[in-house]
Structures are given as C-alpha cells and as structure tokens.
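Comments concern the structure below.
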Amino acid sequence: MPRVVVVLGPTATGKGALARQLARAFGGEIISADSMKVYRGLDIGTAKPTAAERQAVPHHLLDICELTETFSAGAFREAASRLVRELWAAGKLPIVVGGTGLYIKALTRGLVAAPSRDPGVRAALDHEIAARGPAQLHARLARVDPESAARLHPADAVRIVRALEVHALTGRPLSALHAQHRFTEAPFRVLKLGLTVPRAELDARINARAERMVAQGLCSEVATLLDQGHAPTLAPLLAPGYREMVAHLRGQLGLDEALRRMQQRTRAFAKRQLTWFRPDLETRWLPASAPDAAPGAVAEFLRRA
C-alpha cells in the first residue's frame, strides 16, 4: 500500500517550507492540496511556491485550471490518487501539503457519493446568491440541513450552494450523506503532520503576509486578471485578498481598508481551517516555530512494516 505524508494546518503556518524540507530529506515530491493554487494567474494572493522552489522540489497540481473552470474535491481525489501511486511506484515519497481539509479528507478517507451538479438547480441557486447574498441562503440551509450550516461560514457561497443543491436533488441533507459514508476508506498508509501556532502569533503572521502580498503587487495581479476579461464574480476572485483588491480597483475601497478587510477575512478563514482539522485524531501536531520532530516522525513512518 503506498505511503503518504500529509502536511496540514491553517494558512500562514509554514506548511510549504516544511514539506519542501521533508521532500529534500526523503526524496519526495509535493502534491498541493489547495483549492486556489490550482488556478492559473492566482500567484501572489495564494502564496504559490516560487519558480526557484519548484525547481528545487517538484510540485504537482499547481496551475492546472483556468479561472472559469471548476475543480472539485472529486477531481482532486482522482488526480492526487493517481500521482500518489505513480510517485510511490517510482520510489518517490508523496508529500501532500495544503489547507483545504475537504481535499485531504477525500484523498485519505474517500468521498461521499453525492449527485453531480445539476445545471438548472445550480443556475437558480447562483442567481439567488447574486441577488440576495449568501447569508440568506445560509439561513435557508440552516432550516433543511442545520449540521452543514453550522460548519459553513455564512459567506461561503460555494459550499452553501452545493449543500442546497444536494438537498434539492436528493431530498436529504448533505450532512446525512456524510454520516452514512463514515469516511472509513483507507487507500493509503498516511502520516498526518499538522503545524500549530498560538492564535495571537498566527494573526500576526497573517497580517504581515497580507502586507507583503500587497507590496509584491497583488493589486496589479488582480488588475491583470480583470483586464483579461475575467468576471469579478468568478469563485476564485471571491477568495480572501482577491475580492478586496477588486473592490479597491473599482473605487469602492481605499487600499488601506482593502488590506484591513483582507487580513480580517484571512484570519476568519484560518479559524475555520482549525475547526475542520482539530477533530482529526490522526494528526500529529507540531509547533510551527520548531517542527524539529517532523523528520524523525517521517523516518519512523517509513521504517514500519
């Protein structure tokens, strides 16, 4: 059975740096588990590895989609599973790194057999989101699927729409399908390493990184995407940082206020990531400031029969 090391945790904890360190030490290659880094053109705002970092260590599942394309957890599971098997067969250690918990769960524990997207239902829900905003649809979701609503942020339009779509197509809450599946599949032997940072320090890291992104040209990156004809309502351009820079470019926010809101939304996003990851008892948590135990944990994992 192929073995996989997963480096997970909230944003701005240094997951990529640790993954590259482990890849160099153990002859590994990196598989990105980040739902935004799959998109071409989203570079600064997603903190993609630099060209030098990619040259030093091979990275997979970066820049594989246009902004207008949809990339799902199922698509990730299919692509990442294939890569894991190919890398392991070639004598390379697959190292999955990212903060998209659903992707990691889909790869390591399987995926719920929910219905495919329905163009009619999806179009109606998307129209309603655009007209009324995600908060009102979140309130509707709370009535038909309170468990899903409780774990989703009221502004998470993509997942709110998906949960309502599943309910419309099956008559059952998405949370019930999750409970029925139980996520007991185990296609790989997995070591999960999570990076943790005290909350005040994590907030400071997030704030400082947002400032660096703006200094590095995030606003120009967004302007280029809009000049290419991409609609600002595309899901990738609603991510933290991108939505705020769109508002700034449209004259709706000053740059300082756009930065402040970007920092605020990213801190809230990190909190939701922690809420997702913390219940997983398989994860071995390490302090991000001194993850010295990581190489030893990987070495022990690889020695086991």
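At-a-glance table
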| quantity | calculated |
| --- | --- |
| Highest average packing first - 267-277, 159-169, 118-128, Cβ atoms within 10 Å | 159-169, 267-277, 118-128 |
| Portion, in percent, of the accessible area of the stretch 1-99 that falls on carbon or sulfur, probe 1.4 Å | 49 percent |
| Whole-angstrom gap from the stretch 218-281 to the stretch 139-195, using each part's C-alpha centre | 23 Å |
| Probe 1.4 Å, accessible area per residue of the stretch 40-144, Å² | 49 Å² |
| Net +/- balance of residues flanking A247 in space, Cβ distance below 13 Å, scoring K and R +1, D and E -1 | +2 |
| Helix-only [θ]222 nm of the chain, DSSP H runs n ≥ 4, -39500 (n - 2.57) each, per residue, nearest 500 | -17000 deg cm²/dmol |
| Rel. contact order, % - alpha carbon contacts under 8 angstrom, at least six apart, the stretch 55-145 | 24 percent |
| Mean separation of Cα contacts under 8 Å (6+ apart) over length of the chain, as relative contact order % | 26 percent |
| Residues whose placed amide H lies under 5 Å from that of I31, excluding near-sequence neighbours | H60, I95, V96, V97 |
| Protein-only accessible surface order, largest first, of S35, S148, S220 at 1.4 Å | S220, S35, S148 |
| Average Cα contact separation per residue, the stretch 5-62, under 8 Å, 6 or more apart, as relative contact order % | 37 percent |
| Cut-off 13 Å between beta-carbons: net charge of the residues surrounding R199, Lys and Arg +1, Asp and Glu -1 | +2 |
| Protection-proxy order for peptides 22-30, 149-157, 237-245, each taking the mean of Cβ atoms within 10 Å per residue, highest first | 237-245, 22-30, 149-157 |
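The values are calculated or read from the model by the stated rules, or taken from the named source; none is laboratory data. Just so it is clear, the model here is predicted, and its values are computed rather than measured. Note that we place each Cβ from the backbone using ideal geometry, even for glycine, and neighbour counts take in every protein chain shown. For accessibility, only protein heavy atoms count, side chains too; no ligands or nucleic acids. Shrake-Rupley method; radii C 1.70, N 1.55, O 1.52, S 1.80 Å.
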